[in-house]
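Take a look at the structure below.
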Amino acid sequence: MAEGISKRFFVRSIAGGLFLGYAAMLCAFINFATFDDTPALILAILGALFYLYGGICSLVLIYKMWASVQDGDARTTPGRAVGLLFIPLLNLWWLFHSIAGFPKDYNDYLSRHNLELPRLEPHLFVALSALLVCPSGITATLTRAVEGTVHISQGLFISLPIAIIISILSYRICDAINCLAGRPTAEGGPDLHDISGHFRERE
């Protein structure tokens with residue numbers, strides 16, 4: 001059975017981690033520009049920790065979103081969806097399956113089980129995957145901050161839309177998972193319980 005998740009926890013953790021990380025990195029670059037290295041290094045480390053927390057929560061959400069559609073026909077398992085993201089080079093291709101491919105699998109799941117629930121639009125999922133494979137994304141931002149680059153890197157600008165899109169998608173993914181909460185994800189057909197109020201937030 002698919003389990004509901006706390007939208008408040010995931011949205012606040014992911015958005016908070018990414019935006020606080022971005023703010024700390026921006027402040028670190030400003031301090032580097034004024035040649036005040038010690039506060040800049042502290043801010044860069046703090047920003048990296050915020051990014052790390054937001055990233056870990058994002059990976060947990062990816063695991064849970066794929067777990068919600070496991071009926072034997074999903075393109076991947078939750079463990080594979082997350083695990084292959086850690087393999088260099090392969091992860092650049094896998095992003096388009098693990099993230100961009102989820103709306104299709106989710107919508108196909110709804111169709112297979114005749115569930116009259118809102119479908120997921122793929123556009124933001126594809127946009128996020130494309131931004132994440134950009135070589136001057138978050139990783140470049142963190143690296144350049146630690147190395148003491150004094151100019152605002154291209155990676156810092158790309159990190160902001162990435163944080164915005166991830167925050168929006170985390171909200172939508174939580175709703176999508178909670179729509180399926182209490183419904184079978186193995187053979188046996190869909191649960192026929194009333195679906196009214198399926199968008200109520202799970203605390």
Label-point separation in nm, L59 to A181, each point 7 Å along Cα→Cβ: 2.5 nm
Using Cβ contacts closer than 10 Å as the measure, can you line up M25, M65 from fewest to most? M65, M25
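Given just the C-alpha atoms of segment 20-63, how large is their convex hull per residue in cubic angstrom? Kindly include the intermediate steps, with their values, before the conclusion.
Values: hull volume 1.9 nm³, N = 44.
In segment 20-63, the Cα convex hull volume per residue is 42 Å³.
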Report the full-extension gain for the segment I30 to R12: residue separation times 0.36 nm, less the Cα-Cα distance, to one decimal in nm. 3.8 nm
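Considering the convex hull of the alpha carbon atoms of segment 1-86, report its projected area averaged over all viewing directions, in nm², one decimal. Provide the component values of the computation, followed by the final result.
Details: hull surface 26.3 nm².
So the mean shadow area of the Cα hull is 6.6 nm².
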Please express the Cα-Cα pair-distance distribution P(r) of segment 7-178 as a list of whole percents, one per 5 Å bin, running from 0 to the bin with the greatest distance. 1, 9, 17, 19, 18, 13, 9, 6, 4, 2, 1, 0, 0
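Sort D105, D37, D73, D175 so that the residue with the fewest other Cβ atoms within 10 Å of its own Cβ comes first and the one with the most comes last. Show your work: numbers first, answer last.
Numbers: D105 21, D37 13, D73 10, D175 18.
Ordered from fewest to most neighbouring Cβ atoms within 10 Å, D105, D37, D73, D175 come out as D73, D37, D175, D105.
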Proxy reagent accessibility, fewest Cβ within 10 Å first, across W66, W93: W93, W66
Shape parameters for segment 44-128, alpha-carbon atoms, Rg then Dmax in Å: 14.3, 49
So, in nm, how far is label L90 from label V126 when the simple model puts each one 7 Å beyond its Cα toward the Cβ? 2.6 nm
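Given Cα pairs under 8 Å that are at least 6 residues apart, what percent is the relative contact order of segment 7-178?
Values: 210 pairs, mean separation 50.6, N = 172.
Over segment 7-178, the number comes to 29 percent.
Here, each number is a calculation from the coordinates, and none is a lab measurement. Source: prediction; values computed, not measured. Here Cβ is always computed from backbone atoms with ideal geometry, including for glycine, and neighbour counts include all displayed protein chains.
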